[in-house]
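Chemist: Pasting a structure here, questions to come.
The values are calculated or read from the model by the stated rules, or taken from the named source; none is laboratory data. Values in this document were obtained by computation on a predicted structure and should not be read as measured data. Positions of Cβ are backbone-derived with ideal geometry, glycine not excepted, and every protein chain shown enters the neighbour counts. The accessibility values were calculated without ligands, DNA or RNA, using every heavy atom of the protein model including side chains. Shrake-Rupley method; radii C 1.70, N 1.55, O 1.52, S 1.80 Å.
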Amino acid sequence: MQEVRADRSEAVSMRPFFTEEFVHLHGPGDHEARSFLAPGRINLIGEHIDYNGGLVMPAAINLGIAAACRPRSDHLVRLHSSDDPLAVEIDLDRPIEPDPARGWGNYPAGVLHELLLQGVDLRGTDVLFTTTLPQGAGLSSSAAMGVLTAFSFLALAEAPTSDLKAIALLCQKAENQFVGVNCGIMDQFAVALGKEDCALLLNCESHDYHYVPVAMGAHACVIMNTSRQRRLADSKYNKRRAECNAVLRLLETDAPRNGLVHASWSDVLSHVSDPVLRRRAHHVISEQARVKRASRVLAAGDLAAFGRLLTESHASLRDDYEVTGSHLDAIVGAALQAPGCLGARMTGAGFGGCAIALVERAEISNFTASVRSAYLAATGLEPAFYVTHAADGVHETTGEG
Ligand code: GLA
């Protein structure tokens, strides 16, 4: 069983190894390297709500991707990753197109393409990425890679990096149009604008947000990785989006609305007869109400009530939205039986990946031991656990630590 108690210094303390590897891969250079860090994210509550125009509550976490970047004297971008042997080269003087052979490199390539479209005078750069985020686990490694690329290349171009909302929107556009994943805005926003010990309460229609303190005292948020990579995620994800749009079209015969979160259940009952579409709408409407209740109970410090909302959210995603799957259900079921657990739910798109649990700190070892044995017995898979806290969004780490 893997238990990580990462903190911000972790990515920084990778630096001696990181520097050696950088020089080994890229050779000595004329310029100083600068380093940057982008976190992953969990979503505390408000799942499959961002593309329905509602309120979500994600938090950046203390696991992430670091990049060491050293400007070059030409217009080549050379990307390496400590975690993937595939090296990527991009010529900034040529059009940048999506290319399946570029693998993970399409995420940074899409962002560079957008930055060039916006007229940013990008510099040729050697880059080495390294990560503490498990891949394909639903903790937004792709959003972290995109936001990290945008932030670091803007910084190297001496362009402003302070408009983090604009960076998040640019990266969402790159992921939608260049990579072809039809994601909402939540992940990029959390990765760009996360704040230590806070969640973001983000309105996905207006893009207004405020921070909600989530210092949990005697409790902690434990990420539970099912070790089941997300499967069919994109196709089912797009299918759910299409189902929500279908409900909206039926409702719009009556009154136009910006997003499904604004619908009332009685409107749905009178306009939508298909039982599957009704269940999808029921999740969206009830989940939005849970986000509002969650922000109130968190402000009042009522973690028991917050835990119950997490568990209700999982049930809705399982029964109404049908995006959990047997592995997430098994790990959440095991968590709810384990010592010290106040509530648990899947986080992210679903179909595998990670769940989160709110756990009494004093019980964390008993909790993880109990979940591990029940989950292993049910699925034959070894789960991983990360005791996490809310962390800052993307930033430069040169000179830190
Ligand atoms: C993925 C997407 C997000 C959001 C979640 C579900 O993480 O990238 O935009 O839709 O799924 O809440």
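Chemist: Work out, step by step, the length gained on full extension between residue 304 and residue 94: first 0.36 nm times the residue separation, then minus their alpha carbon distance; give nm to one decimal.
Modeler: On the way: separation 210, 0.36 × 210 = 75.60 nm, distance 5.58 nm.
Working it through step by step, the gained length comes to 70.0 nm.
Chemist: Percent of accessible area on the range 219-388 owned by carbon and sulfur, 1.4 Å probe?
Modeler: Numbers: 3400 of 6920 Å².
Carbon with sulfur: 49 percent of the solvent-accessible area.
Chemist: Let me ask something additional. Output the 0 to 90 degree angle, nearest 10, between the alpha-carbon long axis of helix 325-337 and the longest principal axis computed from the alpha carbons of the chain.
Modeler: Its long axis makes an angle of about 70 degrees.
Chemist: Then there is this: Which of rounded, prolate, oblate describes the range 219-388, given a ≥ b ≥ c as roots of the alpha-carbon gyration tensor eigenvalues and a/c under 1.5 marking rounded, otherwise prolate only if a/b is larger than b/c?
Modeler: oblate
Chemist: Moving on to the next point. Hey, in the GNM for the chain with a 10 angstrom Cα cutoff, which one of 53, 27, 350 fluctuates hardest?
Modeler: Fluctuation is largest for 27.
Chemist: Give me the percent relative contact order of the range 154-213, please, defined on Cα pairs under 8 angstrom at least 6 residues apart.
Modeler: In percent, rounded to a whole number, it is 23.
Chemist: OK, next. From the C-alpha coordinates alone, can you work out the Kirkwood hydrodynamic radius of the chain, in Å?
Modeler: 21.6
Chemist: In the neighborhood of residue 209, defined by Cβ-to-Cβ distances under 13 Å, what is the net charge if each Lys or Arg adds +1 and each Asp or Glu adds -1? Numbers along the way, then the final one.
Modeler: Details: positive: 165, 195; negative: 50, 205, 208.
Net local charge, residue 209 excluded: -1.
Chemist: Excluding residue 314 itself, what net charge comes from residues whose Cβ is under 14 Å from its Cβ, given Lys and Arg +1 and Asp and Glu -1?
Modeler: With Lys, Arg at +1 and Asp, Glu at -1, the net is -3.
Chemist: Still on this structure, I have one more. Give me the count of lysine pairs in the chain whose alpha carbons sit under 25 angstrom apart, restricted to pairs 8 or more positions apart or on different chains.
Modeler: 7
Chemist: Connecting C-alpha atoms closer than 10 Å in a GNM of the chain, tell me which of 268, 23, 56 has the biggest fluctuation.
Modeler: 23
Chemist: Using a 1.4 Å probe, what is the accessible area per residue for the chain, in Å²?
Modeler: Result: 40 Å² of accessible area for each residue.
Chemist: Once you order the gyration tensor axes a ≥ b ≥ c over the Cα atoms, which shape class does the range 302-378 get: rounded for a/c under 1.5, otherwise prolate or oblate by comparing a/b with b/c?
Modeler: oblate
Chemist: Moving on. Could you work out how far helix 106-117 tilts from the main Cα principal axis of the chain, as a 0 to 90 degree angle to the nearest 10?
Modeler: Once rounded, one gets 70 degrees.
Chemist: Have a look at 200, 217, 273 and report the one farthest towards the positive end of the charge dipole of the range 162-298, computed about the Cα centre with Cβ charges (Lys/Arg +1, Asp/Glu -1).
Modeler: 273
Chemist: Residue-wise, which Karplus ³J(HN,Hα) couplings in Hz belong to the range 119-131, taking 6.51 cos²θ - 1.76 cosθ + 1.60, θ = phi - 60°, and x for glycine or proline?
Modeler: x, 6, 8, 6, 9, x, 8, 9, 10, 10, 9, 9, 9
Chemist: Mean residue ellipticity at 222 nm from the helices of the chain, using -39,500 (n - 2.57) per DSSP H segment of n ≥ 4 over the full residue count, to the nearest 500 deg cm²/dmol?
Modeler: Computed mean residue ellipticity for the chain: -13000 deg cm²/dmol.
Chemist: Pairing the Cα long axis of helix 141-156 with the longest principal axis of the chain, what angle in degrees results, from 0 to 90 and rounded to the nearest 10?
Modeler: It works out to around 40 degrees.
Chemist: Net charge near residue 96, counting Lys/Arg +1 and Asp/Glu -1 over other residues with Cβ under 13 Å of its Cβ?
Modeler: Numbers: positive: 94, 102; negative: 89, 91, 93, 97, 99, 114.
Result for the neighbourhood of residue 96: -4.
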